[in-house]
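Structure first, then comments.
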Amino acid sequence: MFALGHRADQNYPKLLVPMKKITCIADLREIASRKVPRAFFDYVCAGSYEEETLRENVDDLQKIKLRQRVLVDMSGRDLTTTALGEKISLPIALAPVALTGLQYGNGEILAAQAAHEAGIPFTLSTMSICSIEQVAEATGKPFWFQLYMMRDRGFIAELIGRAKAAGCSALVLTVDLQVLGQRHCDVRNGLSVPPELGLRNVLNMATKPAWILSMLKSKSRTFGNLAGHVKGMEDVKSLAEWTATQFDQALSWNDIEWVKGQWPGKLILKGILDVQDAKLAVKSGADAIVVSNHGGRQLDGAASSISILPGIVDAVGSEIETMFDGGIRTGMDIMRALALGAKICLVGRSYAWGVGAGGKAGAARAIDVLAKELDVTMALCGYKRVVDVDREAVEVFQSSRTA
Ligand SMILES: Cc1cc2nc3c(=O)[nH]c(=O)nc-3n(C[C@H](O)[C@H](O)[C@H](O)COP(=O)(O)O)c2cc1C
């Protein structure tokens, strides 16, 4: 797979360079910015409102200083760990990212394949372009399915049934999106309800030949999990309108029991950002939580995920598996989150840019970059095994809140 070269410090300007010459996630982002139509690229990058939380997710991770240790035997390192009792090759899972199939044709299938080849979980969003069945058929491997609760419980029961039938190994129930935080660029770009892309965006798409080619090969160009399953609604416009009226604003802890009745398998609650809520999650009987603020796309002004993580781990860490997301752009970030108690990190934008930059090869490159950076970081911090990483790996960290 080849991508457009761009860095001033390399000798590849305007040449097609192999994926392996891409050195970091920022490279993938840069390439995606050229290859993906503007509206869809902006959709991935954006946060809600003033993007304070989006920025803090990244900045607060960088403020945590790693402890360099020397003359420690660091040979034979091991990055394997477990998630929900399953062995995985890296402490990473691909987060649910809506519309990945608009970053590159069949984006969800390609990302799932890259994740499976790397030995890590892939999470399919409710709002994906490729459907549950298409991903299952193309990968032949279990994946996690992310659920947005909607008011039409009949539809949700059916959707959960489809995830079961497809062999999904965990249900990720997202609990921080009962109302939608606004992303200004999406409104400007016409990625609103109903979608109105307008001439400017259509002309911009026409300048992205590789993207057009990939979309021509795509198995789906609408919301794959909804089309054909919502009565009388097939086109993107009506499905988007239907969905917008469906997010269940009355959703409460009482509904978790109903979900568990439909889904007897492993349940992950995604979008916990408060110690009290983490304790309620334990009580609800969920198997895991993801400490997350939806990548800064929902409550703007909320604390960064990393600043909340240690307090939650201290409060419930022994009772529930605590996963983390928000701002992971490097393997060093993963090390920081593991040090503060995350079992694994979910990665959102970092792999979505990979998909935009080069489909499956781009997603694989994103995973590989993060794995290699984590490996080197672990070594330089004096750890051989990722499962041994603990708070000793970072200089004293002051959490914004304690349990
Ligand atoms: C473009 C985009 C779409 C997303 N779609 C979903 C979604 O459909 N369901 C969900 O639970 N989270 C969704 N998220 C949030 C991610 O799962 C994850 O929480 C977030 O991206 C983590 O932050 P990061 O991008 O800094 O890694 C989305 C994030 C992005 C960037």
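Our summary gives the chain a relative contact order of 27 percent, counting only alpha carbon pairs under 8 angstrom and 6 or more residues apart. Out of 338, 312, 46, whose Cα points farthest toward the positive end of the dipole of region 2-396 (charges: +1 Lys, Arg; -1 Asp, Glu; placed on Cβ)? Final value for the positive-end residue is 46. Classify region 234-300 from the C-alpha gyration tensor, please: rounded if a/c falls under 1.5, else prolate or oblate depending on whether a/b exceeds b/c. Since a/c reaches 1.5 but b/c is at least a/b, the shape of region 234-300 is classed as oblate.
Positive-end ranking of 211, 68, 191 along the dipole of the chain, with charges on Cβ about the Cα centre, is headed by 211.
Taking every Cα-Cα distance in the chain and sorting them into 10 Å bins starting at zero, the pair-distance distribution P(r) comes out as 5, 23, 34, 27, 10, 1, 0 percent. Cβ-to-Cβ counts within 10 Å put 297, 151 in ascending order as 151, 297, the fewest first.
About the centre of its Cα atoms, the chain shows a dipole size close to 1140 debye [charges on the beta carbon of Lys, Arg (+1) and Asp, Glu (-1) only; nearest 20 debye]. Put the Cα centre of region 284-299 next to the Cα centre of region 307-346 and the gap is 11 Å. Placing +1 on the Cβ of every Lys and Arg and -1 on the Cβ of every Asp and Glu, with no other charges, gives region 279-370 a dipole of roughly 240 debye about its Cα centre.
Going 7 Å from the Cα of residue 231 toward and past its Cβ, which residues in region 118-162 have a backbone nitrogen under 19 Å from where you end up? In region 118-162, the label zone of residue 231 (backbone N under 19 Å from the point 7 Å along Cα→Cβ) covers 150-160. With a Förster radius of 25 Å applied to the beta-carbon distance between residue 260 and residue 187, the computed FRET efficiency rounds to 0.10.
Estimated purely from DSSP H runs of n ≥ 4, each contributing -39500 (n - 2.57), the mean residue ellipticity at 222 nm for the chain is -12500 deg cm²/dmol once divided by its residues. Applying the criteria of a DSSP loop state and at most 16 other Cβ atoms within 10 Å to the trypsin sites (Lys or Arg not before Pro) of region 208-295 yields 217, 221, 231. Per-residue Karplus couplings for region 204-214, computed as 6.51 cos²θ - 1.76 cosθ + 1.60 with θ equal to phi - 60°, are listed in order as 4, 4, 5, 8, 10, x, 5, 5, 4, 4, 5 Hz, Gly and Pro entered as x.
Evaluated with a Cβ-only charge set (Lys, Arg +1; Asp, Glu -1), region 90-158 carries a dipole of roughly 180 debye about its Cα centre, given to the nearest 20. Based on the Cβ-Cβ distance from residue 72 to residue 314, what FRET efficiency comes out when R0 is 25 Å, to the nearest 0.05? Calculated transfer efficiency: 0.40. Counting other Cβ atoms within 10 Å as a rough exposure proxy, the listed residues 75, 305 run 75, 305 from fewest neighbours to most. Per-residue Karplus couplings for region 224-241, computed as 6.51 cos²θ - 1.76 cosθ + 1.60 with θ equal to phi - 60°, are listed in order as x, 7, 9, 4, x, 10, 9, 3, x, 10, 10, 7, 4, 4, 5, 5, 5, 5 Hz, Gly and Pro entered as x. Taking a straight line from the alpha carbon of residue 372, these lysines sit under 17 Å away, with near neighbours fewer than eight places off in the same chain left out: 20, 21, 384. Considering only 346, 54, 239, the mean-square fluctuation computed in a Gaussian network model of the chain, springs between alpha carbons under 10 angstrom, is largest for 239.
Listed from fewest to most Cβ neighbours within 10 Å, the set 353, 258, 211 follows the order 258, 211, 353.
None of the figures in this text is laboratory data; all of them are computed from the coordinates on show. Please read these numbers as outputs of a predicted model, since none were measured by experiment. Cβ atoms come from the backbone with ideal geometry, glycine included; neighbour counts cover every protein chain shown.
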